[in-house]
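The structure appears below as structure tokens.
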């Protein structure tokens, strides 16, 4: 595992490259943005199966939504934890994230 706050400039199927030009092999990329909820998604150019961006997809559907607050149609290798509509004022966020991790784990490693 390699932890960095250096901006990534290129993501390939097997690696990532940072803005210094250094390349790291990667099977999984985790974006941990702390308390800046949603802010980093708006700055990322996430493309789905048809080349459509995530924000464009949500705009076309009239809402920011996801399946089980973890998966988005047309984005098969992109998962969210504590995604759209997952939190409520009377429920444990920890339990919700645990359920989402369990769901995503089953999808990635059947």
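Values quoted throughout were computed directly from the atomic coordinates according to the rules given, and no laboratory measurement underlies them. Every value quoted in this text rests on a predicted model; they were computed, and no experiment measured them. Note that we place each Cβ from the backbone using ideal geometry, even for glycine, and neighbour counts take in every protein chain shown.
Figures for the structure shown
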{"read-out": "Length-normalised contact order for the range 31-108 - Cα pairs under 8 Å, 6+ apart - percent", "value": "19"}
{"read-out": "Residue 4-residue 22 pseudo-label distance in nm [points 7 Å out on the Cα-to-Cβ vector]", "value": "0.6"}
{"read-out": "Rounded to whole Å, sorted largest first: equivalent-ellipsoid semi-axes of the chain, Cα gyration tensor", "value": "24, 18, 15"}
{"read-out": "Neighbour-count ranking [beta-carbon atoms within 10 angstrom, fewest first] of 65, 92", "value": "92, 65"}
{"read-out": "Computed label-point distance, nm, for sites residue 29 and residue 87 using a 7 Å Cα→Cβ extension", "value": "2.5"}
{"read-out": "Rounded to 10°, Cα long-axis angle of helix 93-108 versus longest principal axis of the chain", "value": "60"}
